[in-house]
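The values are calculated or read from the model by the stated rules, or taken from the named source; none is laboratory data. None of these values were measured; they are calculated from a predicted model. Cβ placement follows ideal geometry from the backbone for every residue including glycine, while neighbour counts extend to all protein chains displayed. Areas reflect the complete protein model, heavy atoms only, side chains present, ligands, DNA and RNA absent. Shrake-Rupley method; radii C 1.70, N 1.55, O 1.52, S 1.80 Å.
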Amino acid sequence: MNWLNAVVAGVLVGGLYALYATGLSVSFGVMRLVNLAHGDLAVMAAFLSSTLVLSAGGSPFWTILVLLPVGFLVGLALQRVVFDRLVGVDPAFQIVATFGLSIVIQNALLRVYSADRRALDVGKLKVDSVSIGDLSIGVFPLLRFLVAVAVLVSLSLFLGRTKLGRAFRATSDDPVAARLMGINNRTIYMVATGIAVSTVFLAGVFNGAQTNFATSDGPGLLIFAFEAVIIGGLGSLWGTLAGGIVLGLAQTLGAEQFTDWPSQLFGHVLFLVVLAVRPNGLFGRVEA
Amino acid sequence: MGAVIEVDAVSKRFGALAVIEELSFSLEEGEALGVVGPNGAGKTTTLNMIAGDFRPSGGSIRFDGQDVTGFSAYRRCKLGIGRTSQIPRPFEGLTVFENVLVGASFGGAHRGHVARDLAVDALRRTGMISKANVRAGQLTLLERKRLELSRALAAEPKVLLLDEIAGGLTDGEVQELVETIKSIHASGVSVIWIEHIVHALLKVVDRMLAMDCGRVLVQGDPHEVMASDEVKNVYLGSED
């Protein structure tokens, strides 16, 4: 791999990280909630997709059409049953409760699917690439990146242009004042978690089509999502995309330079540097 | 006709501390009621309970004859109880227009151009139309107070609860705000206004209620209430 290829690969894998991170960014932006079970939800989606493919056949892509609304409903239920109790209280409760949720999901998946690794088969698409001179671009990573950008553009339009989107931003700014303006916060929180789980389900399917997965992979995926959000800056959707891309670039460029080292290491190091030097993230709003 | 807000034997305790005790008063439709009293008298707590920020420990609150004691704040806003906060709390990341639009489209439950027209109208009435596209975080104190007012207005309230909206403003600014509130009241909105700046209150309100220690001290004609011995005692601390 040459440097240009490494840059392109880094940007494209950044799309996947951004897709993971979108849900975390939305949850944190709207209700200051960090869900430690976020990665486990992605793994759950990959397993659900494989079940659907095994029973009904076809490519994993059609299962996305089922999993997006299912993810939304799972989000509504999670908000009502678990997260509603965690908003506006000591963050320690969030950590304990969502860490517990993570354990519950992992063990439920283990019970149903066993510890064997699985993969979602997208056939030739996984290895197809287009070449431009020396540059070789994987079709699947490109598709994944475009989906991530499409999700972020849609969310950004939703937040900026719609009535419900304004209510999201108002609630994020001041939940008490929002209530006094006639906004039902609980509805806003439910929709936010619905969106968060839908997007992480989408990310889970794309990840499952890229590499094989097992029931215990969730926390590892959470780390990438978390790093993308922190590097990009909390509460900024475009920052999340940028954070994903910067994380991807750190990994591919680091691996290009130091071939003996695991690529994730460079992402983790960059994350720590950003935390130390710019804790608000590269593109985050500075808190007054 | 009739009372639009009825506060009936309402109490509020925070732990062992009783802030409001068996408080009863009412607001007639179209009336402007001023509320005065020393700090800690329970004025803001009373307003919070009418707006639904928190529930009374005892007693009931009726709006338009309907018992709203168990209703959450957003439902009361939709019914027609508007409210401004002592410390303005604009949505700082939104523009002034968006702030007001939120009031019109959620509190007022309107859509599309109806909501936009309402928002524009509320901005005109409060003199904020020239700031429509400014981010609310960049406003001055007077502008923030005006924004509070226009946001509440855009939700088409029948009753407007004002909590020390003139506090911290210069005399000139208070004068401007008084004119705005007068015109809102003249358009048929009932008002409960808590304020320490008594001369501002006297220009607007039809009736005055003085509170102390969570109870009604005296109520009636604004000038008579302010001249009463009870109010003088509370403010001047005389012991006779």
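Inspect region A:26-45 for any residue being at pLDDT 95 or above and either farther than 30 Å from residue A:91 by Cα or in contact with a strand residue (DSSP E or B) (Cβ under 8 Å, 6 or more places away or on another chain) (or both) and give the result as yes or no.
Yes, there is a match, as at least one residue in region A:26-45 is at pLDDT 95 or above and either farther than 30 Å from residue A:91 by Cα or in contact with a strand residue (DSSP E or B) (Cβ under 8 Å, 6 or more places away or on another chain) (or both).
Right, residue A:274: open to solvent by less than 40 Å² (accessible area, probe 1.4 Å) and either touching a Gly at 6+ places or on another chain (Cβ under 6 Å) or of a type in the set (A, V, I, L, M, F, W, C) (or both) or not? If you could, list the steps in order and put the result at the bottom.
On the way: open to solvent by less than 40 Å² (accessible area, probe 1.4 Å): yes; either touching a Gly at 6+ places or on another chain (Cβ under 6 Å) or of a type in the set (A, V, I, L, M, F, W, C) (or both): yes.
In short, yes.
For region A:168-221: of the residues being at the interface with another protein chain (Cβ under 9 Å from one of its Cβ atoms) and part of a loop (DSSP other than H, G, I, E, B), which is surrounded by the most Cβ atoms within 10 Å (Cβ to Cβ)?
A:181
Across region B:56-85, which residue is modelled with the lowest pLDDT among those that are assigned to a loop (DSSP other than H, G, I, E, B) and within 9 Å of chain A (Cβ to nearest Cβ)?
If we filter region B:56-85 for residues that are assigned to a loop (DSSP other than H, G, I, E, B), which is where we start, we get B:56-57, B:64-65, B:68-72, B:80, B:85.
From the residues that got through so far, the ones that are within 9 Å of chain A (Cβ to nearest Cβ) too are B:72, B:85.
Numbers: B:72: 92, B:85: 89.
Ranking the qualifying residues of region B:56-85, first place goes to B:85.
Restricting the first residue to region B:3-29 and requiring it to be on the phi < 0 side of the Ramachandran plot and part of a strand (DSSP E or B), which pairs with a second residue that is open to solvent by 10 Å² or more (accessible area, probe 1.4 Å) and of a type in the set (Phe, Trp, Tyr) meet a Cβ separation below 7 Å and a spacing of at least six or different chains?
What qualifies is B:7/B:25.
Against the definition (β-branched (Val, Ile, Thr) and open to solvent by less than 10 Å² (accessible area, probe 1.4 Å)), how does residue A:22 come out, yes or no?
Numbers: β-branched (Val, Ile, Thr): yes; open to solvent by less than 10 Å² (accessible area, probe 1.4 Å): yes.
So residue A:22 fits the description; yes.
What number of residues within region B:86-100 are within 20 Å of the chain's Cα centre (by Cα) and either without any contact (Cβ under 8 Å) to a residue 40 or more places away in the chain or at the interface with another protein chain (Cβ under 7 Å from one of its Cβ atoms) (or both)?
Adding up the residues that qualify gives 3.
Restricting to region B:101-130, what's the tally of residues that are within 23 Å of the chain's Cα centre (by Cα) and either surrounded by fewer than 22 Cβ atoms within 10 Å (Cβ to Cβ) or away from chain A (no Cβ under 14 Å) (or both)?
Start the filter on region B:101-130 by keeping residues that are within 23 Å of the chain's Cα centre (by Cα), which leaves B:101-110, B:115, B:118-129.
Imposing the further condition that a residue be either surrounded by fewer than 22 Cβ atoms within 10 Å (Cβ to Cβ) or away from chain A (no Cβ under 14 Å) (or both) reduces the set to B:109-110, B:115, B:120-121, B:123-129.
The number of residues fulfilling the criteria is 12.
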